[in-house]
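Each remark here refers to the structure printed beneath this line.
The values are calculated or read from the model by the stated rules, or taken from the named source; none is laboratory data. Just so you know, these numbers come straight off a predicted model, no measurement behind them. Please note: Cβ atoms are built from the backbone with ideal geometry, for glycine as well, and neighbour counts cover all protein chains shown.
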Amino acid sequence: MRAKLSIDHIVCPAIRGEEPWNRQKDTTGTNKPSRFVWLLLTIAALSLLPFPAISQDHGGGGGHEGGGGCGDVFGDLIHILRDPVTGQPIFAQRWIELPKDVKGYGWGYCPIAVDELGERIPFLPYSCDYDPGFADLITEVDYFGRLNGGRTKERNQRMHFDEVISNIKQAGQLRLDPTGRLEMGFGDPLKCYPGGDPGYCSWSTVDSPMESMALYVRLMKYGHLATDPMEVDTWAHGDPKAGIQFHPALAEADWPKFRQAGLWNLLPAPKGSCWLGVAKRFNPRCATPKSLDKADFASAAAYLGAAANKTGKITVDLVQYLNRFLKITRDTVTTEATKDVLPALYEDCYSGSNPWVEGEEPPEGTDLLTDLEYESSCATFAAAAGIPGWDVYDAFTNVKEMFVDFSRSQYKRKDRADVEADLILEGSASGSWILVHGDAPMRWVAEYPNPEDPTDEVEIHNFVGAASDTLRAIEYIHNYAVPEDLFCKYDPSECL
């Protein structure tokens with residue numbers, strides 16, 4: 001019989017980076033550990049490693065084969081082994097005791113925790129649990145800050161996105177601020193209009209973290225901001241006699257605002273292909289996902305930087321975990337999955353035959369305190385249906401998830417070197433401040449917080465570098481931006 005020390009099955013082990021913490025059974029007359037020994041190990045492990053969060057959503061993955069897993073969970077998150085180019089997680093294929101609702105032992109797929117230097121944290125024998133003696137080396141991803149807002153309900157995310165779309169429709173012009181955030185110009189429609197003098201517009205930056213995150217989600221999923229004007233808003237409230245309500249959507253008249261501002265990548269296609277016929281009906285195909293290109297990744301990185309804490313940081317692990325929470329690679333109630341995805345990876349480091357039959361208990365005399373002898377050189381494979389153990393149980397949903405393909409992400413810091421902003425900076429004399437016109441925020445970013453240039457290679461580190469540069473530039477401008485002159489605002493004669 002199994003020991004009674006088993007913990008309830010954890011359905012989203014990748015959140016913590018480990019599989020369910022099932023204890024080995026007590027077997028008399030063999031070399032297996034006693035109940036007492038396993039009890040001590042269990043207490044030690046649980047005292048050092050907090051429980052993972054349990055997913056509220058275990059559905060399939062975005063219309064892609066084997067895309068299950070959790071996307072709406074914030075629990076204990078740690079740095080794990082990932083592909084150095086793509087950021088895909090690399091799981092260890094290990095012979096372990098299976099979750100309690102599955103009989104015996106078999107192949108499991110365990111996230112590999114790493115320390116700050118990228119060195120692997122060892123496992124306990126026949127388990128996905130980490131050796132508690134190395135718990136202090138585990139690196140937690142506890143720096144989400146404002147990005148924790150990603151766990152809000154989808155209807156709240158859509159509410160913020162709808163707010164941005166509504167403001168774009170009311171704006172006369174669009175442009176980017178010095179950090180890459182979207183700015184909207186408002187004012188007299190006879191003066192503030194597409195192609196007109198921006199000096200006649202009153203400019204407002206999309207500075208809200210939740211609105212920035214909503215833009216990030218939409219762009220990462222669809223590659224543009226267009227939505228079908230006939231999409232029913234099932235979350236709308238108000239007078240039931242008001243009839244069917246629709247989400248706000250860009251109109252044909254909004255297309256020139258993007259084109260003339262050089263923001264063509266935020267549109268799905270040329271205007272003529274999205275507004276058809278004499279009646280100018282919207283082509284629903286323009287509201288479907290397209291493949292992301294380098295301009296889309298650049299915009300998405302800026303939105304991610306704008307959504308994060310101004311004093312926070314952005315890493316590969318943060319981006320990959322955040323994309324899981326936001327279900328970027330999965331279909332949801334009202335959104336489709338991003339178009340180009342990659343599967344998880346796993347390592348096969350065991351060249352011998354199975355220690356014993358899959359799904360059976362270990363033979364008498366098996367030493368469960370000493371792990372199998374795994375090789376130092378491993379073959380890495382893309383996870384797919386039919387990998388060892390997949391036909392025995394369906395517990396390791398994390399290894400079946402899909403991840404964003406960042407292979408088109410391109411960012412070169414030098415391309416932003418000429419971006420300027422008017423700031424108030426400290427002067428040479430102690431306590432003095434001077435107004436600086438045309439200061440270069442990227443010069444400060446490259447010299448102080450981010451001295452190393454992001455890689456020029458097309459990979460996830462390039463995207464992380466772009467988002468981090470945006471975040472640091474926002475921090476710089478936020479601290480030193482020229483404040484609005486309220487005297488001029490309320491009494492223009494004061495500024496004559």
If you scan the stretch 467-496, which residues turn out to be outside any loop (DSSP other than H, G, I, E, B), over 22 Å from the mean Cα position of the chain (by Cα) and β-branched (Val, Ile, Thr)? ILE477
Test: residue in the stretch 402-415 that is of a type in the set (Asp, Glu), part of a helix (DSSP H, G or I) and modelled with pLDDT of 95 or more: no
In the stretch 188-205, which residues are touching a helix residue (DSSP H, G or I) at 6+ places or on another chain (Cβ under 6 Å) and surrounded by 18 or more Cβ atoms within 10 Å (Cβ to Cβ)? CYS192, PRO194
Out of the stretch 249-290, which residues are farther than 18 Å from TYR411 by Cβ, of a type in the set (S, T, N, Q) and within 24 Å of the chain's Cα centre (by Cα)? THR288
Which members of the stretch 253-268 meet the condition of being surrounded by fewer than 15 Cβ atoms within 10 Å (Cβ to Cβ) and in a loop (DSSP other than H, G, I, E, B)? GLY262
Please note which helices (runs of 4 or more DSSP H) are completely contained in the stretch 269-374 and include at least 1 residues that are modelled with pLDDT of 95 or more and polar (S, T, N, Q). 294-307, 316-325
Checking VAL445 against (1) of a type in the set (Val, Ile, Thr); (2) touching a residue at least 60 places away in the same chain (Cβ under 8 Å); (3) not in a loop (DSSP other than H, G, I, E, B), only one condition comes out false. Which one? (2)
What number of residues within the stretch 338-373 are closer than 20 Å to GLY104 by Cα and either out of contact with any Ser or Thr (no Cβ under 7 Å at 6 or more places or on another chain) or without any contact (Cβ under 8 Å) to a residue 60 or more places away in the chain (or both)? 20
Provide a single number: the residues in the stretch 416-432 that are out of contact with any helix residue (DSSP H, G or I) (no Cβ under 9 Å at 6 or more places or on another chain) and in a strand (DSSP E or B). 1
Starting from the stretch 222-245, take each residue that is without any contact (Cβ under 8 Å) to a residue 12 or more places away in the chain and list its partners that are surrounded by fewer than 16 Cβ atoms within 10 Å (Cβ to Cβ), counting only C-beta distances under 6 angstrom and pairs at least six apart or across chains. ALA236/GLN245
Can you name every residue in the stretch 232-252 that is over 21 Å from ASP296 (Cβ atoms) and either of a type in the set (A, V, I, L, M) or outside any loop (DSSP other than H, G, I, E, B) (or both)? VAL232, ALA236, PRO240, LYS241, ALA242, ILE244, PHE246, ALA251, GLU252
Please state which of the following conditions PRO229 fails to meet, knowing it meets all the rest: (1) in contact with a Ser or Thr (Cβ under 9 Å, 6 or more places away or on another chain); (2) more than 25 Å from ALA298 (Cβ to Cβ); (3) surrounded by 14 or more Cβ atoms within 10 Å (Cβ to Cβ). (1)
Residue check, PRO449 against (1) outside the structural domain of ILE96 (by TED's automatic domain parsing); (2) in contact with a strand residue (DSSP E or B) (Cβ under 6 Å, 6 or more places away or on another chain), all met but one. Which one? (2)
How about the stretch 448-466: which of its residues are in contact (Cβ under 8 Å) with a residue 40 or more places away in the chain and part of a loop (DSSP other than H, G, I, E, B)? ASP453, PRO454, ASP456, GLU457, VAL458, GLU459
When you look at VAL464, is it within 21 Å of the chain's Cα centre (by Cα), surrounded by 15 or more Cβ atoms within 10 Å (Cβ to Cβ) and within 19 Å of ALA300 (Cα to Cα), yes or no? yes
Give the residue that is surrounded by the most Cβ atoms within 10 Å (Cβ to Cβ), with candidates limited to residues of the stretch 467-493 that are among the acidic types (Asp, Glu) and at pLDDT 85 or above. ASP469
Looking at the stretch 418-439 only, could you name the residues that are out of contact with any strand residue (DSSP E or B) (no Cβ under 8 Å at 6 or more places or on another chain) and not hydroxyl-bearing (Ser, Thr, Tyr)? ASP418, VAL419, ALA429, GLY431
